[in-house]
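Student: There's a structure below that I have some questions on.
The values are calculated or read from the model by the stated rules, or taken from the named source; none is laboratory data. All values derive from a computational prediction rather than experimental measurement. With ideal geometry, Cβ positions are generated from the backbone for all residues, glycine too; neighbour counts draw on all protein chains shown. Only protein heavy atoms, including side chains, enter the accessible area calculation; ligands, DNA and RNA are left aside. Shrake-Rupley method; radii C 1.70, N 1.55, O 1.52, S 1.80 Å.
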Amino acid sequence: MGLLSRKASCNSHGQDSSYFLGWQEYENNPYHEVTNPKGIIQMGLAENQLCFDLFESWLVKNPDAVSLKRDGKSIFKELALFQDYHGLPALKNALVDFMAEIRRNKVIFDPNHIVLTAGATSANETLMFCLADEGDAFLLPTPYYPGFDRDLKWRTGVEIIPIHCTGSNGFKITLSAIEEAYQQAQKKNLTVKGVLITNPSNPLGTTMAREELDLLINFIDDKQIHLISDEVYSGTVFNSPSFVSVMEVLKDKNLEKTQVWERVHLVYSLSKDLSLPGFRIGAIYSNDSIVVAAATKMSSFGLVSSQTQYLLSAMLSDKKFTKEYVSENHRRLRQRRRDLISGLEKAGIRCLDSNAGLFCWVDMRHLLNSDTFEAEMELWEKIVYDVKLNISPGSSCHCVEPGWFRVCFANMSENTLQIAIQRLESFVSSIATINTQSHEELKSLRKKTRNNWVFRLSFQSFHDREQDDR
Amino acid sequence: MVAISKIATGDGHGENSPYFDGWKAYETNPFHPTDRPDGIIQMGLAENELCFNFIKKWVMKHPEASLCSAQGVNKFKETALFQDYHGMPEFRQAVAKFMGKVRGGRVEFDPDRIVMSGGATGAHEMVAFCLADPGEAFLVPTPYYPGFDRDLRWRTGVELVPVVCKSSNDFKITTNALETAYEKAKEDNLKVKGLLVTNPSNPLGNILDRDTLKGIVEFINEKNIHLVGDEIYAATVFMEPEFVSISEIIEEVECKRDLIHIVYSLSKDMGFPGFRVGLVYSYNDSVLSCARKMSSFGLVSSQTQHLIASMLSDDDFVDSFIVESKEQLFRRHKYFTWSLSQVGIGSLKSNAGLFIWMDLRKLLKEKTLEAEMDLWRVIINEVKLNVSPGSSFHCNEPGWFRVCFANMDDHTMEVALLRIRTFMLEHNKAMVPRKLCSQSSLKLSFSRRRDDFMSQSIMSPHSPLPQSPLVQART
């Protein structure tokens, strides 16, 4: 039997994380309004399903873009043959304009500095290959998107050292947290090659303050390392404060064309802002032409389909459409978030104040039996298996404080959201009933059987669970 | 100042090879029939442009495949959101069916063993990541596609050890050559993890015969190493002998199936390099599971999956396409090789691919790499054709060149042939047939020559030429 590589045999793909286990559970029993109303509601998927009607009317008005025609004439052959890793110029031009517009035109991007990749997944991995050698490290503020463990580390051999952020200051990045992370790396004999931030943040849904970006720029300048800013949610900033990109702060600090400016790189994608995750449109933007050159060659391993490049070049060049889309998208996201927040409030659950993203960072610390990750897992299991909501536990995002959960709100209908909220409300009120009992009583009850309230809540699923080995 | 990575600053991307130099020269002065008639003709790009009208007709008749039409627009949301790395079931089913048809229905492929990748480029890298650790090695028969140096080695840290094949036996992959390479790897302290063969071959344009395939399978089983079969030119076999896939051989001989993997793509067979439809087909469940997760780094756009699923599910279209493609390639190959033979230029006997392996050894001043490079520079700068020198394919013998013939229209082909003829006449290196008129009326004689060729139509029952693929298709 032939041996496989270490990469194939290990689990750095990260898929044993609870983040993905929740998804699997959902796949086995997915909610459907009609056919499976008792199924699990997916609230762990950061997708935006709110604005497809806008796409559909655009497509009807612009059939050439999908039917691979230009001015009514077929360009099928030209597109089928187009495999130039420099990418379709029309798309790059339209994309940089779109990115500038999202940043209120405070930053101008050069299409020659953009590299197209198969999604942000590929962009992040490619940047790692370009900036770090195997065994080097990147610092990442926690909590962070669980996929980074795979994207940044798996095939590259790069390490991630967390910069711990806590709820005490709204999870903002502090200088002491960054320095501590840097020292951690040094203790482990790891060369730190850079910092990677997600702005707006996944899972927090917040935009970074100028002060934080300033701090980061000073830090990377001092240590002479790189800064990657993953800005895939930049178009979902639906409330103030407005989005400030690290590129804008560099400009304001008059650091354009300096060495530190060359060490700042962006990752972008249309999966979140335009809700097109299936089309695999990602991008790297770098001010360093050597990085651009290397990343361009590497993009051969994951180019964007020319068919898709053409569609998006047409769509993004329609500035009237993109303006309308972005503003309507903001409005619907704002509304949807409001619905979720008010529903949670009724259940006595608070969220981190957020102004972006497709999710809320929900505070369920008060529902934990103890201030531990075991308790967080226990609570999560109840929510997935009993309350039947797939939400993502903070530990899967490497949060240092137990009790936080990421809850997505844009990937379902209004109806489904209300049902999810009702389920959560019922769950919380049943817990409230239990909390009137003494702690000791609770302990002894647990020793004998599973919790009565679980038994009351869902007799059927309790018996189902007994049979499973978990 | 903290540098960027070794991978980024090194030249593992392979672009300093002459294979790409020719492309760069072409790009600065590309041929155009009216705008730039003296420009360089691109004969270094293995693309298949012969069937586009055929395919285009289908696309125009099926707007729902392109997500336009009312039916298509309704599918937009579902398609745009589909990012499951298992890939659309209908896409995998359609591709599996196509792969089976291309192999004459002699073998069936399981759609659940298909994992998507960013073209064959992405597939090769992914397979290397799955099967080998940095510092381990793959054996690759020479001459081989220059891109492998990048695809298998650059970011993976895997080494390639050449299996040297020689012109004396038409570059066959002998067990002896395999053993020699294996021993060499051992001497160099390299752990061999697998063997990569391209069948049909790039750059040779021929296919592996059954005995060679059996020898290969026996070898990898004995050494307990993986076999990766790159079969991206499978549907370009335009003439007998019939293509034999690894997937067929493992049904006929004893083989540990866990060692067998196929790389496939629609870039050559269908002429869709822009759509990035690549895949890994593995008989090993652990490899499938790992590759599927890795495919996140290069999934096929769902918009493209939808188009391909629709197209390749249309049995009538697929059956006609396979026949039409063979026919077009056969004609082009025949005319090209015949024209070359008229000026004394030979090539390796071939029945597949989008190129020929041209033999210019007798034009070399001496049997050296330098002489090959000199000749190549003459061909690019004076004859104004971008062809690929054998050394860029790691050929052990100087004087061979890969010349592509399927990436241009008939007129451009004529211009290229005229230039070759002129060059050969000027260098007096070939036996010129008496029929050829003097240099001043070259153009006239050339077009008359084409008429000579065409009058011996391959459709004629009295044709002296080898069988048309249409005869084959009936079986």
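Student: What is the calculated FRET efficiency for A:Asp110 to A:Gln24, with r their C-beta to C-beta distance and R₀ = 35 Å, to the nearest 0.05?
Tutor: According to the calculation, E is roughly 0.25.
Student: Straight distance only, please: which lysines reach the Cα of A:Lys319 with their own Cα at less than 18 Å, same-chain residues fewer than 8 apart left out?
Tutor: Partners found: A:Lys61, A:Lys92, A:Lys106.
Student: Carbon and sulfur atoms: what percent of the 1.4 Å accessible area of chain A do they account for? Walk me through the numbers on the way to the answer.
Tutor: Working: 8850 of 18390 Å².
After summing per-atom areas, the C and S share lands at 48 percent.
Student: Further question: Would you pull out the residues with amide H under 5 Å of B:Gly278's amide H, same chain only if 5 or more places away, H placed 1.01 Å from N?
Tutor: Under 5 Å from the amide H of B:Gly278 lie the amide H atoms of B:Ser117, B:Gly119, each far enough along the sequence or on another chain.
Student: Sort out for me the Cα centre separation of the stretch A:125-171 from the stretch A:43-81, rounded to whole Å.
Tutor: The two parts, judged by their Cα centres, are 34 Å apart.
Student: Continuing with this model, one more query. Could you compute how much accessible area chains A and B hide from each other, both sides summed, with a 1.4 Å probe? Nearest 100 Å² is fine.
Tutor: 6700 Å²
Student: In addition: In nanometres, what is the gap between the two model label sites at A:Arg332 and A:Asn169, each 7 Å from Cα along Cα-to-Cβ?
Tutor: Going from the A:Arg332 label point to the A:Asn169 one covers 3.8 nm.
Student: Using modelled amide H (1.01 Å from N, peptide plane; none on Pro or chain starts), what sits under 5 Å from the amide H of B:Glu159, excluding residues fewer than 5 places away?
Tutor: Long-range HN contacts for B:Glu159: B:Gly135, B:Glu136, B:Ala137, B:Phe138.
Student: Have a look at the stretch A:20-52 and report residues whose accessible surface goes down by 30 Å² or more when the remaining protein chains are included, against the chain on its own, probe 1.4 Å, ligands and DNA/RNA excluded.
Tutor: A:Glu47, A:Gln49, A:Phe52
Student: Could you pull the Rg and Dmax for the stretch B:267-377, using just the Cα atoms, both in Å?
Tutor: 20.7, 54
Student: Could you state how much accessible area A:Cys165 has, in square angstrom rounded to the nearest 10, with a 1.4 Å probe and all protein chains kept in place?
Tutor: 0 Å²
Student: Take every Cα pair under 8 Å in chain A that's 6+ residues apart, average their separations, divide by the length, and report that relative contact order as a whole percent.
Tutor: Relative CO of chain A lands at 22 percent.
Student: Note the per residue figure in Å³ for the convex hull of the C-alpha positions in chain A. Walk me through the numbers on the way to the answer.
Tutor: Working: hull volume 84.2 nm³, N = 470.
Taking the convex hull of the Cα positions in chain A, it is 179 Å³ per residue.
Student: Which of B:Pro143, B:Phe243, B:Phe76 sits farthest toward the positive end of the charge dipole of the stretch B:65-314, with +1 on the Cβ of Lys and Arg and -1 on the Cβ of Asp and Glu?
Tutor: Highest projection toward the positive end goes to B:Phe76.
Student: Then there is this: Considering the dipole of chain A built from charges on the beta carbon (Lys and Arg +1, Asp and Glu -1) around the Cα centre, which of A:Leu311, A:Ala209, A:Trp361 is farthest to its positive end?
Tutor: So the residue furthest toward the plus end is A:Leu311.
Student: I've got another one for you. Counting Lys and Arg as +1 and Asp and Glu as -1, each charge on the Cβ, what is the dipole of the stretch B:65-314 about the Cα centre in debye, to the nearest 20?
Tutor: For the stretch B:65-314, the charge dipole is close to 660 debye.
Student: Same structure, new question: How many Å² of accessible area per residue for chain A, probe 1.4 Å?
Tutor: 39 Å²
Student: Given 10 °C and 1.306 mPa s, how large is the Stokes-Einstein diffusion coefficient of the stretch B:65-314 in µm²/s, with Rh as the Kirkwood radius over Cα pairs?
Tutor: 86 µm²/s
Student: By per-residue mean of other Cβ atoms within 10 Å, what is the highest-first order of A:315-322, A:113-120, B:408-415?
Tutor: The most tightly packed comes first, giving A:113-120, A:315-322, B:408-415.
Student: Projected onto the charge dipole of the stretch B:334-377 (+1 at Lys/Arg Cβ, -1 at Asp/Glu Cβ, origin at the Cα centre), which of B:Leu364, B:Gly344, B:Trp376 gives the Cα projection farthest towards the positive end?
Tutor: It is B:Gly344, whose Cα lies furthest towards the positive end.
Student: Right, next: Could you order A:Arg331, B:Arg361, B:Arg292, A:Arg406 by accessible surface area, starting with the largest, using a probe radius of 1.4 Å?
Tutor: On the way: A:Arg331 125, B:Arg361 85, B:Arg292 50, A:Arg406 5 Å².
Sorted by accessible area, descending: A:Arg331, B:Arg361, B:Arg292, A:Arg406.
Student: What per residue convex hull volume, in Å³, comes out for the stretch B:86-172 when only alpha-carbon positions are used? Please list the in-between numbers first.
Tutor: Values: hull volume 10.5 nm³, N = 87.
It comes to 121 Å³ per residue, whole-number rounded.
Student: Can you give the accessible area of A:Val34 in Å² (nearest 10), computed on protein heavy atoms with a 1.4 Å probe?
Tutor: Here the accessible area works out near 120 Å².
Student: Using a 1.4 Å probe on the protein heavy atoms only, what accessible surface does A:Lys297 show? Give it in Å² to the nearest 10.
Tutor: For A:Lys297, the solvent-accessible surface is approximately 40 Å².
Student: Ignoring everything except DSSP H segments at least 4 long, calculate the 222 nm mean residue ellipticity for chain B; use -39,500 (n - 2.57) per segment, divide by total residues, nearest 500. Intermediate results must be reported in sequence, preceding the final value.
Tutor: Details: 18 runs with 203 residues, N = 475.
Calculated from helices alone, the mean residue ellipticity at 222 nm is -13000 deg cm²/dmol.
Student: Turning to a different aspect of this structure: In Å, the Kirkwood hydrodynamic radius of the stretch A:13-142 over pairs of distinct alpha carbons?
Tutor: With all distinct Cα pairs of the stretch A:13-142 included, I get 19.7 Å.
Student: Sorting check: for B:383-390, B:368-375, which peptide has the highest mean count of neighbouring beta carbons within 10 Å, and how do the rest follow?
Tutor: On the way: B:383-390: 24.2, B:368-375: 16.5.
Answer by packing, highest mean first, reads B:383-390, B:368-375.
Student: In terms of the Cα gyration tensor, with a ≥ b ≥ c the square roots of its eigenvalues, is the stretch A:351-407 rounded because a/c is under 1.5, prolate because a/b exceeds b/c, or oblate?
Tutor: Note, shape of the stretch A:351-407 comes out oblate.
Student: Treating the beta-carbon of each Lys and Arg as +1 and of each Asp and Glu as -1, no other charges, what is the dipole magnitude of the protein assembly as shown about its Cα centre, to the nearest 20 debye?
Tutor: Here the protein assembly as shown has a charge dipole of around 1420 debye.
Student: Ignoring ligands, DNA and RNA, what percent of the accessible area of chain B is carbon or sulfur (1.4 Å)?
Tutor: On chain B, the fraction of accessible area on carbon and sulfur atoms equals 50 percent.
Student: Please tell me which of these pairs span more than 21 angstrom C-alpha to C-alpha: B:Lys172/B:Lys214; A:Lys388/B:Lys75; B:Lys166/B:Lys349? Walk me through the intermediate numbers first.
Tutor: Numbers: B:Lys172/B:Lys214 13 Å; A:Lys388/B:Lys75 29 Å; B:Lys166/B:Lys349 14 Å.
In this structure, A:Lys388/B:Lys75 lie more than 21 Å apart at Cα.
Student: Output the antiparallel fraction of DSSP beta bridges having both residues in chain A, as a percent to the nearest 5.
Tutor: The antiparallel proportion sits near 50 percent.
Student: Another one. Evaluate peptide A:272-283: per residue, the Cβ atoms of other protein chains within 10 Å of its Cβ; return the mean as an integer.
Tutor: Details: counts 0, 0, 1, 3, 8, 7, 17, 10, 11, 1, 0, 0.
Mean number of neighbouring Cβ atoms from other chains: 5.
Student: Could you tell me how far the Cα centroid of the stretch A:193-216 sits from the Cα centroid of the stretch B:172-204, in Å?
Tutor: The stretch B:172-204 and the stretch A:193-216 have Cα centres separated by 50 Å.
Student: On average, how much area does the Cα convex hull of the stretch B:230-270 cover when viewed from any direction, in nm²?
Tutor: 3.3 nm²
Student: Give, in nm to one decimal, the length gained when the segment between B:Glu248 and B:Tyr85 is fully stretched (0.36 nm per residue of separation minus the Cα-Cα distance). Numbers along the way, then the final one.
Tutor: Details: separation 163, 0.36 × 163 = 58.68 nm, distance 2.77 nm.
Going from the current span to full extension adds 55.9 nm.
Student: What Kirkwood Rh does the stretch A:283-394 have if only Cα atoms enter the pairwise 1/r average? Answer in Å.
Tutor: On the way: mean 1/r = 0.0539 Å⁻¹.
Across the stretch A:283-394, the inverse of the average 1/r is 18.6 Å.
Student: Suppose all protein chains stay in the model; what accessible area per residue would a 1.4 Å probe give for the stretch B:65-314, in Å²?
Tutor: Working: 7300 Å² over 250 residues.
With the other protein chains kept in place, the stretch B:65-314 gives 29 Å² per residue.
Student: Given contacts defined as C-alpha pairs under 8 Å and at least six residues apart, what's the relative contact order of the stretch B:240-322, whole-number percent? Don't jump to the answer; show the numbers that get you there.
Tutor: Working: 54 pairs, mean separation 16.2, N = 83.
It comes to 20 percent, rounded to a whole number.
Student: Any residues in the stretch B:230-275 that have 30 Å² or more less accessible area with all protein chains than in their chain alone, probe 1.4 Å, and which are they?
Tutor: Buried on complex formation: B:Pro273, B:Gly274, B:Phe275.
Student: I'd like the Karplus ³J(HN,Hα) series for the stretch B:342-351: coefficients 6.51, -1.76, 1.60, θ = phi - 60°, whole numbers in Hz, and an x wherever there's a Gly or Pro.
Tutor: 3J(HN,Hα) across the stretch B:342-351, in whole Hz: 4, 10, x, 9, x, 8, 4, 4, 9, 9.
Student: How big is the antiparallel share of DSSP beta bridges in the stretch B:65-314, given as a percent to the nearest 5?
Tutor: Bridges in the stretch B:65-314 are about 35 percent antiparallel.
Student: Taking 7 Å along the Cα-to-C-beta vector as the label spot, tell me the B:Trp338-B:Arg106 distance in nanometres, rounded to one decimal.
Tutor: 2.8 nm
Student: While we're on this one: To one decimal place, what orientation-averaged projected area in nm² is obtained for the convex hull of the Cα set of the stretch A:67-322? If you can, show how the numbers build up before the last one.
Tutor: Numbers: hull surface 54.3 nm².
One quarter of the hull surface, i.e. the mean projection, equals 13.6 nm².
Student: Taking H placed 1.01 Å from N in the peptide plane, check which residues at least 5 places from A:Thr117 or on another chain put their amide H under 5 Å from its amide H.
Tutor: A:Gly282, A:Ala283, A:Ile284
Student: Okay, next question. Once you average over the residues of A:71-82, how many Cβ atoms of partner chains fall within 10 Å of each Cβ?
Tutor: The per-residue average across the peptide is 5.
Student: In terms of the Cα gyration tensor, with a ≥ b ≥ c the square roots of its eigenvalues, is the stretch B:178-301 rounded because a/c is under 1.5, prolate because a/b exceeds b/c, or oblate?
Tutor: Since a/c reaches 1.5 but b/c is at least a/b, the shape of the stretch B:178-301 is classed as oblate.
Student: Quick one: Debye curve from the alpha-carbon atoms of the protein assembly as shown only, equal weights, vacuum; give me log10 I(q)/I(0) at q = 0.06 Å⁻¹ to two decimals.
Tutor: -0.47
Student: Cα centroid distance between the stretch B:295-331 and the stretch B:4-42, in Å?
Tutor: 29 Å
Student: Charges at C-beta only: +1 for Lys and Arg, -1 for Asp and Glu. How large is the resulting dipole of chain B about its Cα centre, in Debye rounded to 20? Let's see the in-between values first.
Tutor: Details: 54 positive and 60 negative charges, 231 e Å.
With Lys and Arg at +1 and Asp and Glu at -1, about 1120 debye.
Student: Given the -39500 (n - 2.57) contribution per DSSP H run of 4+ residues, what per-residue ellipticity at 222 nm results for chain A, rounded to the nearest 500 deg cm²/dmol?
Tutor: The per-residue figure over chain A is -13000 deg cm²/dmol.
Student: On a straight-distance basis, which lysines could pair with B:Lys97 in a cross-link, Cα separation under 19 angstrom, same-chain partners fewer than 8 positions away excluded?
Tutor: Leaving aside lysines fewer than 8 places away in the same chain, those within reach of B:Lys97 are B:Lys268, B:Lys326.
Student: In peptide B:301-310, what is the residue-averaged number of other protein chain Cβ atoms found within 10 Å of each Cβ?
Tutor: Across the residues of B:301-310, the mean count of other-chain Cβ atoms within 10 Å is 5.
Student: Calculate how large, on average over all directions, the projected area of the Cα convex hull of chain B is; give the answer in nm² to one decimal.
Tutor: Directional mean of the projected Cα hull area for chain B stands at 25.6 nm².
Student: For the full complex of protein chains and a 1.4 angstrom probe, list A:Glu231, A:Glu180 by accessible area with the highest value first.
Tutor: Order by accessible area, largest first: A:Glu180, A:Glu231.
Student: Only bridges whose two residues both fall in the stretch A:67-322 count here: according to DSSP, what percent of them are antiparallel, nearest 5?
Tutor: If we restrict to bridges inside the stretch A:67-322, about 40 percent are antiparallel.
Student: Could you tell me which of rounded, prolate or oblate describes the stretch B:377-427, using a ≥ b ≥ c as the square roots of the eigenvalues of the alpha-carbon gyration tensor, with rounded for a/c under 1.5 and, failing that, prolate when a/b is larger than b/c and oblate otherwise?
Tutor: Oblate shape, in that a/c is at least 1.5 and b/c is the bigger or equal ratio.
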